[in-house]
2 protein chains.
Amino acid sequence: MSKVLMGPSTLIYPMPVLLVGAKVNDKPNFMTVAWSGIAGGNPPMISVAIRNQRYTLRGIRQTMTFSVNVPSADLVKEADYCGIVSGSKVNKVDVCEFKVFYGKLGNAPLIEQCPVNLECKVAHILNLGSYSLIVGGIKETHVSEGCLTDGKPDFNKIKPLTWITDPASQYCVFGDVIAKAFSIGKELKARQ
Amino acid sequence: MSKVLMGPSTLIYPMPVLLVGAKVNDKPNFMTVAWSGIAGGNPPMISVAIRNQRYTLRGIRQTMTFSVNVPSADLVKEADYCGIVSGSKVNKVDVCEFKVFYGKLGNAPLIEQCPVNLECKVAHILNLGSYSLIVGGIKETHVSEGCLTDGKPDFNKIKPLTWITDPASQYCVFGDVIAKAFSIGKELKARQ
């Protein structure tokens with residue numbers, strides 16, 4: 001199949017839809033982030049890319065802590081809203097009617113309505129041009145009780161979103177499970 | 001809704017399924033990675049977390065270049081396989097029948113069958129315990145011609161995968177679009 005060159009671009013699939021929280025000037029604020037990924041396993045780490053001028057980044061630098069909250073599809077309106085307005089102008093917690101709580105770190109604001117919440121402590125900040133890459137240690141994980149099955153997080157109940165940029169900028173839910181991981185690939189071992 | 005504490009864990013949704021490539025001792029090799037995210041926009045950057053003892057990491061350090069390939073659902077078997085065997089023991093390119101090509105960087109191996117391929121140059125390597133976080137500049141993007149609509153990458157044709165860890169380790173495709181991004185959130189502006 002022939003290939004078309006697109007130039008340097010941020011094109012991976014899927015990208016998550018996450019609400020990153022921090023206290024800015026002592027008040028909780030949240031922004032929507034799609035540019036994030038797990039960064040390590042032992043200890044558990046996460047990376048979040050944030051444009052340098054963003055208000056939430058100021059709070060992350062002030063407190064050196066932040067949260068990552070996974071909104072369910074039911075919160076798509078709130079998740080979108082937190083990406084289009086700035087906390088420097090509006091109290092997003094009030095507008096979105098987020099119930100904010102705090103955990104182990106004490107100052108990483110967490111959203112009760114989001115089924116999964118991570119409390120993170122900044123380990124590194126890389127200056128990558130127009131963005132800063134925040135690399136944080138994940139210090140605690142909170143999961144809504146109603147989103148567990150046999151004590152484990154259940155993605156069917158969590159109902160996470162993905163953000164698609166092309167052919168249009170949209171939010172999408174998950175579809176069918178098509179294969180077991182660490183399993184279906186074994187069929188190819190016969191070819192070794 | 002009450003919350004259950006899970007301890008520090010790598011729990012975000014969705015996680016991608018990506019094939020990261022590098023030449024190791026001058027031969028192309030690929031490994032499956034779920035711990036990756038976009039790390040910056042201007043210039044375009046990506047992060048990939050790789051366990052220190054992985055064979056592919058050796059090649060990334062040797063050449064300081066790597067590729068990120070997005071497999072479609074049709075390649076789920078190959079994507080799983082590349083995560084369960086090591087290139088130190090098996091020639092994964094042969095087993096998976098990958099057609100390898102090279103682009104602008106010359107030594108970042110790309111998989112023709114994958115609809116999206118990024119060529120990357122290492123900018124930073126962070127030592128994060130058992131994992132290294134490779135932060136790379138995205139230098140070129142290749143998209144299969146058949147996966148474009150009106151010249152833009154089309155998610156419905158690319159058919160990316162997500163990896164779910166709980167309640168079981170599985171691969172899942174994407175379902176319905178539920179909202180327009182940078183749009184549905186505007187409804188909440190009335191509450192400001």
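Please give the total accessible area that chains A and B bury against each other, computed with a 1.4 Å probe and expressed in Å² to the nearest 100.
9500
In nm, what is the difference between 0.36 nm times the number of residues separating residue A:2 and residue A:27 and their Cα-Cα distance?
This chain segment gains 3.8 nm when fully extended.
First compute the accessible area of the protein assembly as shown with a 1.4 Å probe, then give the percent of it belonging to carbon and sulfur atoms.
Answer for the protein assembly as shown is 48 percent, counting heavy atoms of protein chains only.
Roughly how many nanometres apart are two label points built 7 Å out from the Cα toward the Cβ at residue A:89 and residue B:42?
Reported label-point gap for residue A:89 and residue B:42 is 1.9 nm.
Between residue A:191 and the same site in the other copies, what are the distances in nm, shortest first, taking label points 7 Å from Cα along the C-beta direction?
5.1
What average count of beta carbons from other chains do you get within 10 Å of the Cβ of residues in B:132-139? Don't jump to the answer; show the numbers that get you there.
Numbers: counts 2, 10, 0, 7, 0, 3, 6, 2.
Mean number of neighbouring Cβ atoms from other chains: 4.
Determine the calculated [θ] at 222 nm for chain A from helices alone, applying -39500 (n - 2.57) to every DSSP H run no shorter than 4 residues and normalising by the residue count; nearest 500 deg cm²/dmol.
So the helix-based figure for chain A works out to -3500 deg cm²/dmol.
Students sometimes get this wrong: rank A:174, A:30 by accessible area, probe 1.4 Å, all chains present, largest first.
Reading off the accessible areas and sorting them downward yields A:174, A:30.
Starting from the Cα of residue A:61, step 7 Å along the direction of its Cβ; do the same at residue B:104; then give the gap between the two resulting points in nm.
Placing both labels 7 Å beyond Cα along the Cβ direction yields 3.0 nm.
Can you give me the Rg/Rh ratio for the protein assembly as shown, using Cα atoms for both radii and the Kirkwood formula for Rh?
My calculation puts Rg/Rh at 0.95.
Given an 8 Å cut-off on Cα distances and at least 6 residues of separation, report the relative contact order of chain A as a percent. Can you show the working numbers first?
Values: 364 pairs, mean separation 42.0, N = 192.
Result for chain A is 22 percent.
What FRET efficiency, computed as 1/(1 + (r/R0)^6) with R0 = 45 Å and r the Cβ-Cβ distance, is obtained for residue A:182 and residue B:189, rounded to the nearest 0.05?
Efficiency for this residue pair is about 0.50.
Specify the residue with the greatest mean-square fluctuation among B:12, B:164, B:125, computed from a Gaussian network of chain B linking alpha-carbon atoms under 10 Å apart.
The residue that fluctuates most here is B:12.
What would the Debye equation give as log₁₀ I(q)/I(0) for chain A at q = 0.14 Å⁻¹, counting only Cα atoms as equal point scatterers?
-0.84
At 7 angstrom along the Cα-to-beta-carbon line, where would the label on residue A:52 sit relative to the other copies? Give the distances in nm, shortest first.
Listed shortest first, these distances are 3.3 nm.
Accessible area per residue, 1.4 Å probe, Å², for the protein assembly as shown: what's the number?
I get 38 Å² per residue for the protein assembly as shown.
Pairs A:23/B:152; A:104/A:180; A:121/B:121: which exceed 30 Å Cα-Cα?
A:23/B:152; A:104/A:180
Just grab the label-to-label distance for residue A:168 and residue B:53, each label 7 Å out from Cα along the Cβ direction, in nm (one decimal).
Roughly 4.9 nm, to one decimal.
Based on alpha-carbon centroids, what's the gap between segment B:23-98 and segment A:1-30 in Å, whole number please?
Going from one Cα centre to the other spans 21 Å.
Report, as an integer, the average count of C-beta atoms from other chains found within 10 Å of each Cβ along A:154-162.
5
Would you tell me the mean number of C-beta atoms belonging to other protein chains that fall within 10 Å of each C-beta in B:28-41, as a whole number?
Values: counts 0, 0, 0, 0, 3, 2, 3, 8, 5, 17, 14, 15, 13, 9.
Mean shielding by partner chains, rounded to a whole number: 6.
What shape does segment B:79-179 have by the C-alpha gyration tensor, where a ≥ b ≥ c are the square roots of the eigenvalues, rounded means a/c under 1.5, and otherwise prolate means a/b greater than b/c and oblate the rest?
rounded
Checking the a/c ratio against 1.5 first, then a/b against b/c, what shape does the Cα gyration tensor give for segment A:124-185?
Cα axes put segment A:124-185 in the oblate bin.
Given a Förster radius of 30 Å and the C-beta distance between residue B:121 and residue B:145 as r, what FRET efficiency does 1/(1 + (r/R0)^6) yield to the nearest 0.05?
For R0 = 30 Å, the calculated efficiency reads 0.75.
The values are calculated or read from the model by the stated rules, or taken from the named source; none is laboratory data. None of these values were measured; they are calculated from a predicted model. Counting neighbours? That spans all protein chains shown, and the Cβs are built from the backbone with ideal geometry, glycine included. Just so you know, the surface numbers come from the protein's heavy atoms only, side chains and all, with ligands and any DNA or RNA stripped out. Shrake-Rupley method; radii C 1.70, N 1.55, O 1.52, S 1.80 Å.
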